[in-house]
Every structure is written in C-alpha cells, then in structure tokens.
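S.K.: Have a look at the structure that comes next, please.
The values are calculated or read from the model by the stated rules, or taken from the named source; none is laboratory data. Small disclaimer: the values here were computed from a predicted structure and weren't measured. Methodologically, a virtual Cβ is constructed for each residue, glycine included, from the backbone with ideal geometry; neighbour enumeration extends over all protein chains shown.
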Amino acid sequence: MDSKNNFENIDKLTRIKVVCSRIYKNPKDINSVRELQFLVNNSSPTVVTTLEPIIFSVFFPILTAISESNTSYKTGEKQQIVDTFKSLFDKIAIDKLPLFFNIYGFLLYEIYDHKNHKVMDISEEYKLSIVECMISLAKCLDSSVVESLYVKENAPKLCQMIYVLLDLAKMEQFKTLRISAINCIMALARVLDDNDFSDLVTRNQVAEVFLFFLPGVASQLKSVALIDEKFGHKIPSVALEAWGRIVTLLMQDYRAFDEKLSDTKPNKLNKHKWKDDNELKEYIQQAQRSPEWYKDTDRKLQQLLVEFSKLTHHSHPKVRLELANMSALLVDNCIQTMPTSISHLIDIVIILSEDSDSTVASKSKIIMEGLSQKLTSNELKSLLDNLEEGFYNVIASIPRKFNGIDERVVALNSLVGYISLFGTHSLTNVLYSTVHLNKLVLTLIHISEFDKSSISLLEEYTTVDYEMHQDFRMAWKKFRHFKEDSVLHKIESVCHVLAKFGASCIISDLLLDIIVSDSNQRKEAIFLLNEIVAGLETRDRNLTTLRNIIATYTDINNWYLPLSVGVDEDGYEYTLSDIQDNIIQVCLLVEGIGKIALTINKEFEQFMLKTLYLVLERAGSSHPLIRSAGLSALSNITTACGYSNITHLINKNIDYFSFHIERKLKKASGRGGLNVLAVVMSYSSMDVLHPTCEVIKELLMRTYDKQRSNLNDYLYVFRMFIQCLHRWLSIKADEEPFKTKQQKQQEIEDFKVSNIDEDLGEEDFSDDIMGKTAEEMYEEDLKKSKMEDDELQEEYKKPEPPVHIKLTVAILTQSLHCLPSKNQSRKLLVLEILKDGLPVLKEWEDELLPIVHQIWSPLVARFKETSDPLIINYSFQLLAVLARLSKDFIRSRTSKEVLPEILTVLDKLAQESYLKDKGSAYRYSQNYKLQQTILAKLPYVVTDLDMLQGDLDKIMAVVFKYLSDKQPVPLQVILSVHFQYTKLDVMSLRVALEFFVILEKYDRGAAAEKIGSLSSDSAGNEFEKNIEEFRNS
C-alpha cells in the first residue's frame, strides 16, 4: 500500500513539475493553470508542500505582470489564477511573512481601488474568488508568521482589507459573497475556527492589532445583522456570529488585571487626523487595552447592543438562536470587562428565555442559570448594580407597556427573566431594598386590578347545581387592564418564580399588610398572595407563613362580608360597588384556602378544623360565583388530603360537620349552617343518613316559627333532603305501566271474594251510590281500626317506619303549614317539597294517606289563585303525583273541587293562545307553560283516577278546542309518549290529540264517539287534520 502511495505521489510530483514548466514558458497558458489547480486539489499536502517553491516561482512573474498592467489578463483568467492560489493555500502552511504580504497585496490590489478608496468594479464571481482565497490564505499561516504578522505596525496594512470586506458585507447583493466577506473578517481575526479560541496568547496578540478596527467592525456588522428580513436568515446569523467572536476577542480579559476599572481616569484619545506617519506610529504604539479602554469601549458597545434587542423578534429561529449563542459567548468571557453592555445583553437573553422555539428558549435559560450562579461573586458587584437598575426599569415600564397589547407579555417575560436571573442567591438581597420591593408589589397590584362591572348580585333560588363541571377560571376573575389569558398566566408565573426563589416571606408580609390596612387594594393583594402560595416548593420552611395567611383570610372581618345592598347595624350603607368588591374578595379568599391545601398536601390536615366548615359555607352559597369558588376549593382540599372524592371527604368528617351545623343553627341566623348542610347532603351517601336526619330534626324544630326571615332557606334544605332521599334510595319517578279500563276491572274481578260476592250480588260501592267519599269512608275505617288495634296488638304489630320515612312525614307536614303563605317563592318551594316527598312514602300507605288527606284542602285553595299561572302549574304537577299514588282515594273530591277550576283555566287560555304563531311573545309566558303542563299530564290524571264518564265528557269538550290547527303547534306536539302500547311508542303527536288517543286506548270507543259528536257541531275545517290523524292512530 505504501509503495502504491509513493508511486502515486511521484507521479503527481512529475505531472505538477511538467505543468509548472509549461506555465513558466507561457504565463498566459490558462489551461495549464487550470490543470495545475486540478492536480493540487487531488494531491496530498506533502506533495504540494514539496513543490511549493516551484509553484510560487512560476506565479510570481504572473503576479508582477498583472500588477504592472491590469489589462494583461482578462478577468476570467485572473479568477482562475486566484482559484488556483486558494487550492494551494488549502494544502500548505505559509511560513514566511513576505510571501503572505505578496499574495495579500495582490488580492488587495485586485479588489481595492487605492486612489478612490473604494471596492473595484469587478464581477461578483471574481470578488467571491478573491475573498475565498483570502480566507484560505489567512487560515494557512504558520504560527511563526502569525506571531510576526499580528503586531501593531501591520495594523494599517490589514486595515485596508478589513475596510473592503466590511463594504462587501454591507453593500453587495450576492448573498454568498456577503457571507464569505464576513467569514474572511473572522479568518483575519483568527476567530473563524473554534480551535482558535484555545490559544489565549495568540488571541491576545491579535486583539492588540484589532483594537484599532473594533469601532468600524462592530458598527458595520451591527448594520448587517439588522438588515431587512427579506434577505433571509443566513446573513444576519453570520454577522451576529462574527460580532460576538470579534468583540469577545477584544474584550476578553487575558491578563486578569488586579486594578479595578474605575480606579484610573481614561486617557483622552486623539480624534483628529495625524500630520505624518511618525505621529500615526506613535499613536499606534501607545494605544493599548487598558482598564480605561475597556470601560470606554463597554460604554460604546452597549449602545449597539440595545439595537440588537430588535432581533429577539426576528421571524427566523436560527437568527434568534445565533443571538443567544453570541450572548453566551460574551457572558462567559467578558462579564467583568463590559458590565454595562452585559446588562443589556442579559435583557436580550431574558426575552429569548421565553421564546416560542424550544431550542432558543433552552439555550437562553442555560445562560441565565450559569449567570445566576456567578452573581454571588463580589467581583461582579458592578454588574449586579447594573442588573438591579435594569430590574427597576423593567418594573417601572410595565404600566406603560400595558397600554399596548403586544408588549404586555414581553414586559412580563422580562420581569420573570430578571427574577430567575437573580435566583435564590441574590433575589432576596435585591428585594430587601424597600424601593425595589414596593415598586414591584405596587406594579403587580396595579396591573392586576379587577374589573367588577360584570359581577352580578343575583342569587339562585332554583335548584342549586353543586356538581363540579363548572369553569373555575370563573367570571369573577376579570381584570381591568387586560383580557387575555396569556397575560394572566404570565402574572401567575411572576408570582410563582418569586416564591420559587425564596422571596415568598418578604412578599407575603407586605401583601398581608396591604390586605389588613388598604381596602382599595385588598382584592389584588389577595390574588397575588394566592399565586405566591401556588408557587411555593419548600413546605416546611413556609408553614409559618401559610399559618399567618390562613389566620388573615379567615379573620371574621375579612371572611364574613355583606353580600347584599343595604345598611348594616352600624348605619353604613353598602352600595352595589361595595358588594361587587365583597363578592370578588370572598371568592379570592376561599380560592386561596384551596391553593394552600394543594401546596402542602397532607399537611393541610392540621388546618382542616379551622377552614373546612368555612369552605363548605362558600360551596353552599346561593350566589353562583361564590359557590363555584367554594366548590373548587373543596375539590382542591379533597385532592390534597388524599380523599378519593368529595363524598369520601364528607363521609369521613360527618361528625365534624354535624357539630358545626347544629352550633350554627342555634345562632340567630343559621344561613351558613344551612349552606353547609346543603353541600353535605348533595355529596354525601347513604352512610351519613342517620347524622343528617338528626340535623334535619333540629331544623324542623326551628321552622315552627313561621315569622322567621330565613324560613325559605330551611325549605330549600328540606327540598334538598327529599331529593337526596330520591338519590340514596333510587326512587324512580317513572309512570306506572299503562292499564286500560278493562284491565283494571279484570283485576278487581280476580280479587273479589266469592262469598261476599254472593251476599252483595251486583251491589255498587261507588261514591255516588254509597253517598260517601273515599275520604269519609277512610275516616270511618280509621275510627274502627283504633278500636280493633287493642285486640290485635298482641297478635300482630305493624312494622315501625324507618327514620327517614318518619322524617319525610314530618317535613311534609311542617312544610304544609307554609302553603297558604303570601310569599310566592315560599309556596312554590312547598309545592315542590310535597311533589317530591310523596313518592318517598309510596310503600308506606299508613303514612301516605293521612298526608294526602292533609294536603287536599290547602291544595284546592291554590287552584283558586287563577291570577298566578305559576302557582296553578306547580299545583297541577302535585295533583298528578297525588293521582298516581292515591288513585281513586281522591277521585270524588278532584271531580267536585278541582276539575271545574282546571277546566275553567284551560278553556280561558284556549282563547288566549288562539292564532298565536311561533313569532308571538305569548310562547314565552307562564300561561303558555301552564297549558303545556295541564295538557301533558291531564290524561294521566284521568286514567289514574278512573274518572266517571260525565267528567270525561266535560274534559274532552275543553281539550277538543286544542285540536284546532289555529292553536300553537308546540302546544300540540309531543316527542314521546310515556305509555307502552303499540302505535304510540314512536308516534309524534300533538298534546291535545295525544289526550284523545290515550283515552281511546283506555276506554275503547269513548273518545271516538265524543270526537264524532263534537266535530259535527264545529264549523270550518280547522279540526279536520287532527281528527283525521286521530282516526288513523
């Protein structure tokens, strides 16, 4: 193998010699020059180095000829010669300084017009070849040549090429040429290759020469880096790389001098033109990178770095990444020599640390972490002072920047960056400054000002929803100075990093003082303190702080605030604005308790006795915003303390809740206890039935006073208890299976006793024949049963009803006393309680029928309130339940006392709804809803009570009017029928038509006959469509 390589090398040597001989004989033989380049490119460095003297001896006459007459060779021929030089320099190392200057002079002569001091007007391709050749020339220098070249005396010679290259980088249109020009500057500064950085001696020597070029290089490369984005990303990326490397070359402290930069006054530099070469040489020899020079240069560079901040928003991530790399290079090497500039550079890094590109953000955060560790050094006190000033300026600029949408997040990113930069080592020291601390907190309070305009004071008196499907960002967390969630997240991030880096104690103390002393800023202070708590990471060290926060939050003056407009006992009048503030504050306080729980997890159990009941009060609030905040906090406590769900939490702590609820109820106003009881019942299971019943008993004792101002609150709780029984006992409100009249009669026949049948024959026991109603007969049976009870007591004892049945009876009985109230909402509540409570007693006839009997008279009175359709609606719903449960027990009284009222209302409303099309406002009225309820449930009442034919005729005569196609269609349409029989399972029927279809199914022929007689008396054809549909059904 070695012999083969030797043979090839000998062959290459021979061929190169031959080509050189041809060129020597004919200097214009460009084909031979091109062949020489090919041979050089394909030969080993050893071969080329061996023939280096021969090759240069051949080319020197050519260079001389070109220098004497620029027209002796064409541009393309000169370009080939330059390209050949480049190939040669890529293979050899130049060890003679004169040789370097000869080639350097030739290249400079070809590209620079010395007379007019500008770049020659030659082709872009030739310019590129010259620049590429210059790069190779600069890189191939031997160490001895480098040592000889980079001395101050040679600075004027190198200056000309640097000028040309800067001009090319700035003015040319050819992108490749511009990039090569910048690379050439780095090559001349010996910073193009990464391995150049390791030789500090050489770098220091080069820096002594380049200090004369730094002002021009730094300013011109800055201009190139800031070119329009339409030129792409490569040019600014290379410009940033060159700027960072060359500035680092100059500003790196190679000597680690002991004297401080501020100890001596800077020398005055000569800014006028020099009279002669001697004066110039004197200036060059005297110039040095002294502490004064570093300080002055730092001041000038910081002006350029301020402009580099524009690139933090460059559209291409590679430009932003190169900006981060440049920053890292300067921070690592020049942090002591340019503290003023570094502070501006850190601003850039801080912005980039929140960059959308993960690579850029990651790189910037690494820089910040490294810098944060360095800030503990006393040597960086000057930099730390500059950073503190920058920190203060960022804080001061935030309110102004919040006037612009795009600058808000950028400003907050800068604040997060500065806090992260100071870190655990310096942040607390910075914030020990009262000026910095107050400015930070007051600025955060200002931008976090709440917008209370959308806060409603309306409470919910319908069935309250305690389910956890609500949005816990919630309407009460609206801000005056911003609407975007991104800004809110950044404010939260600021608080989190403050807590993360150990400022929680300092900040929380100040915020607690504001909460106690300043009512105008209290809401914002609580909000910020909540987010500080959410950012805590070390629990043990912060338990004292959290204990103080909980004590402040739960203080009676902060926790229990008026939530309705009015005048308090001290005569202070609470306006709408005051109450809106209070609602926001209450939501923030309970949210804070939940955040504390999530922060310390299991350790929150030590605060449970003090906070859990208070949170449950808020979770049971009738105000939807407060309830949402309370439920969110309750969920957080459940998660923090390791309970599987809220039901688990309540079941495990039921004794605690029961004690506090009963204690609260003994006070004048038991509203809070009622709210807690509502939540407990909503989330509890059958396991807590007994303690819940004990509390309900206590409530029942307190409802005997009908003048209580909060009687409705008690009724709400009773209703919820009944609803909980439905859930716990799986009570279904479904209708019973439909039975026809014939099926009912057959059941009666099946259960007749034959011997009684023989004695009584065909005797009729109906109400009309017996002359007594079912209720009257029930009263007689009740008296007889009392006489017989003593005789049968020893033989048989009825089962004792369970406690919840007894309690339900007591609730229904006690609630019934409130039914005649003049308060509409109270009457509606009672009607709901009765409607939901009766199905609980379905299997307990001895308890059910007496309640039905007690309900009847007050219920009949409600049907006389014809001016209030809502009361009639609820009353009819209750009647439907009574009919379903007690059957013909109330048939006679319904026929005599209720049916006339219902038919009167239905008849009157038929006239009102006539010709009310879908655009009519009537369809949103309570009268319309009442019609829907009566027409939908009336057929069930009729069939459940097995009403007599005479009553049926009256009912059908009124309902027939709703078969008119002039009635609103929604009054007629029903999507499903609750009776399981053939055709009606899937038919879409009108409500009125359904009534007749059900009656026809119940009693074959009855409805058809009635419709036939009614239709014959009706003029017009408005009934034909529905009658035809009935016949087809």
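S.K.: Hey, can you tell me all the residues within the stretch 799-831 that are part of a loop (DSSP other than H, G, I, E, B) and crowded, with 20+ Cβ neighbours inside 10 Å?
M.R.: The answer is Cys818, Leu819.
S.K.: Further question on the same structure: Quick one: what pairs do we get from the stretch 512-531, first residue on the phi > 0 side of the Ramachandran plot and without any contact (Cβ under 8 Å) to a residue 40 or more places away in the chain, second aliphatic (A, V, I, L, M) and outside any helix (DSSP H, G or I), C-beta under 7 Å, 6+ apart or different chains?
M.R.: none
S.K.: Need the failing condition index for Asn386 against (1) touching a helix residue (DSSP H, G or I) at 6+ places or on another chain (Cβ under 6 Å); (2) at pLDDT 85 or above, just the number.
M.R.: Unmet condition: (2).
S.K.: Same structure again: Taking the criterion of being crowded, with 20+ Cβ neighbours inside 10 Å, in the same structural domain as Pro858 (by TED's automatic domain parsing) and farther than 20 Å from Lys966 by Cβ, would at least one residue in the stretch 916-934 satisfy it?
M.R.: Within the stretch 916-934, not a single residue is crowded, with 20+ Cβ neighbours inside 10 Å, in the same structural domain as Pro858 (by TED's automatic domain parsing) and farther than 20 Å from Lys966 by Cβ.
S.K.: Yes or no: the stretch 640-650 includes at least one residue that is in a helix (DSSP H, G or I), crowded, with 18+ Cβ neighbours inside 10 Å, in contact with a helix residue (DSSP H, G or I) (Cβ under 7 Å, 6 or more places away or on another chain) and in contact (Cβ under 8 Å) with a residue 60 or more places away in the chain.
M.R.: Within the stretch 640-650, one or more residues are in a helix (DSSP H, G or I), crowded, with 18+ Cβ neighbours inside 10 Å, in contact with a helix residue (DSSP H, G or I) (Cβ under 7 Å, 6 or more places away or on another chain) and in contact (Cβ under 8 Å) with a residue 60 or more places away in the chain.
S.K.: Now, a different point. Give me the pairs, please: first residue somewhere in the stretch 700-717 and of a type in the set (S, T, N, Q), second residue anywhere and modelled with pLDDT under 65, beta-carbon distance under 6 Å, and either six or more positions apart or on two chains.
M.R.: Short answer, once both residue conditions are applied: Asn710/Arg671.
S.K.: What tally of residues in the stretch 168-217 results from selecting those that are of a type outside the set (Val, Ile, Thr), out of contact with any helix residue (DSSP H, G or I) (no Cβ under 8 Å at 6 or more places or on another chain) and in a helix (DSSP H, G or I)?
M.R.: 6
S.K.: Taking Cys133, is it over 19 Å from Val47 (Cα atoms) and in contact with a helix residue (DSSP H, G or I) (Cβ under 7 Å, 6 or more places away or on another chain)?
M.R.: Here the answer is yes, as Cys133 does meet what is asked.
S.K.: Just the residues that are part of a helix (DSSP H, G or I), exposed (fewer than 15 other Cβ atoms within 10 Å of the Cβ) and not small (Gly, Ala, Ser), please, taken from the stretch 61-72.
M.R.: Pro61, Thr64, Glu68
S.K.: Report whether or not Ser382 is under 18 Å from Gln252 (Cβ atoms), surrounded by fewer than 24 Cβ atoms within 10 Å (Cβ to Cβ) and either under 26 Å from the mean Cα position of the chain (by Cα) or of a type in the set (S, T, N, Q) (or both).
M.R.: When the stated conditions are applied, Ser382 passes them.
S.K.: Can you name every residue in the stretch 413-463 that is part of a helix (DSSP H, G or I), in contact (Cβ under 8 Å) with a residue 60 or more places away in the chain and either among the small types (Gly, Ala, Ser) or on the phi > 0 side of the Ramachandran plot (or both)?
M.R.: Ser414, Gly417, Ser420, Gly423
S.K.: Another question, if that's okay. Mind checking whether some residue in the stretch 78-86 is over 21 Å from Leu108 (Cα atoms) and hydrophobic (A, V, I, L, M, F, W, C)?
M.R.: no
S.K.: Moving to a separate point now. Starting from the stretch 894-917, keep only residues that are of a type in the set (Asp, Glu), then list their pairs with residues that are assigned to a helix (DSSP H, G or I) whose Cβ atoms are within a distance under 8 Å, requiring at least 6 positions of separation or different chains.
M.R.: Glu897/Val860; Asp907/Val958; Asp907/Lys961; Glu912/Tyr922; Glu912/Asn927
S.K.: For the stretch 316-340, what are the residues that are among the small types (Gly, Ala, Ser) and modelled with pLDDT under 90?
M.R.: Within the stretch 316-340, no residue meets the criteria.
S.K.: Now, a different point. Listed residues Ser69, Ser57; which is small (Gly, Ala, Ser) and more than 23 Å from Asp121 (Cβ to Cβ)?
M.R.: Ser57
S.K.: Kindly indicate which of Glu110, Glu77 is within 21 Å of Ala181 (Cβ to Cβ) and in contact with a Lys or Arg (Cβ under 8 Å, 6 or more places away or on another chain).
M.R.: Sole residue among the options that is within 21 Å of Ala181 (Cβ to Cβ) and in contact with a Lys or Arg (Cβ under 8 Å, 6 or more places away or on another chain): Glu110.
S.K.: Taking Leu903, is it within 19 Å of Leu859 (Cα to Cα), assigned by TED's automatic domain parsing to the domain that holds Leu841, modelled with pLDDT of 85 or more and in contact with a helix residue (DSSP H, G or I) (Cβ under 7 Å, 6 or more places away or on another chain)?
M.R.: yes
S.K.: Output the residues belonging to the stretch 835-848 that are more than 12 Å from Met720 (Cα to Cα) and of a type outside the set (Phe, Trp, Tyr).
M.R.: Those that are more than 12 Å from Met720 (Cα to Cα) and of a type outside the set (Phe, Trp, Tyr): Lys835, Leu838, Pro839, Val840, Leu841, Lys842, Glu843, Glu845, Asp846, Glu847, Leu848.
S.K.: Let me ask something else about it. Check every one of the helices (runs of 4 or more DSSP H) wholly within the stretch 687-753 and list those with 1 or more residues that are modelled with pLDDT under 80 and under 20 Å from Ser815 (Cβ atoms).
M.R.: 689-702, 711-729
S.K.: May I pose another question? Could you check how many residues of the stretch 914-965 are within 49 Å of the chain's Cα centre (by Cα) and in a helix (DSSP H, G or I)?
M.R.: Qualifying residue count for the region: 16.
S.K.: Condition check: under 21 Å from Val238 (Cβ atoms), among the charged types (D, E, K, R) and modelled with pLDDT of 90 or more. Does Asp357 satisfy that?
M.R.: yes
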